[in-house]
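These notes are about the structure you will find just below.
The values are calculated or read from the model by the stated rules, or taken from the named source; none is laboratory data. All figures in this text were calculated on a predicted structure; none of them were measured in a lab. Neighbour counts run over all protein chains shown; Cβ positions are idealised from the backbone, glycine included. Accessible surface areas use protein heavy atoms only, side chains included; no ligands, DNA or RNA. Shrake-Rupley method; radii C 1.70, N 1.55, O 1.52, S 1.80 Å.
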Amino acid sequence: MNSASIQPVAVTDQRASQLLRIEWADGAVSELPHSLLRTHCKCAECVAAQRAGQAVVQGSAITGIEMVGEHALNFKFADGHERGIFPWAYLRELGVA
Ligand SMILES: [Zn+2]
């Protein structure tokens with residue numbers, strides 16, 4: 001993975017369709033459903049819940065986005081969860097349209 005592939009040039013939160021659209025410096029575009037981001041949260045709490053076989057909250061819309069340094073985003077979800085840190089490399093890994 002070269003650095004252009006994890007360098008975002010534009011991030012658009014399409015609330016109506018609950019998609020987070022990321023355009024990358026290498027020309028690729030990711031369109032990530034909010035619910036996918038919620039179920040792929042890698043914070044300690046969510047990872048523990050997944051290991052315990054607990055159902056992950058479904059269909060949880062993103063209600064807020066903040067930058068964490070220069071390399072990650074932090075999402076706030078409608079279910080009140082706001083601890084998930086998503087590095088650009090991980091967001092890229094989650095899918096390219
Ligand atoms: Zn989490």
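Counting only strands (runs of 3 or more DSSP E) that sit wholly inside the chain, those with at least 3 residues that are open to solvent by less than 50 Å² (accessible area, probe 1.4 Å) are 8-14, 19-24, 29-33, 72-77. Selection of the stretch 13-59 for residues being β-branched (Val, Ile, Thr) and within 18 Å of Phe77 (Cβ to Cβ) yields Ile22, Thr39, Val47, Val56, Val57. Answer with yes or no whether Gly64 is over 17 Å from Asp13 (Cα atoms) and modelled with pLDDT of 90 or more. No.
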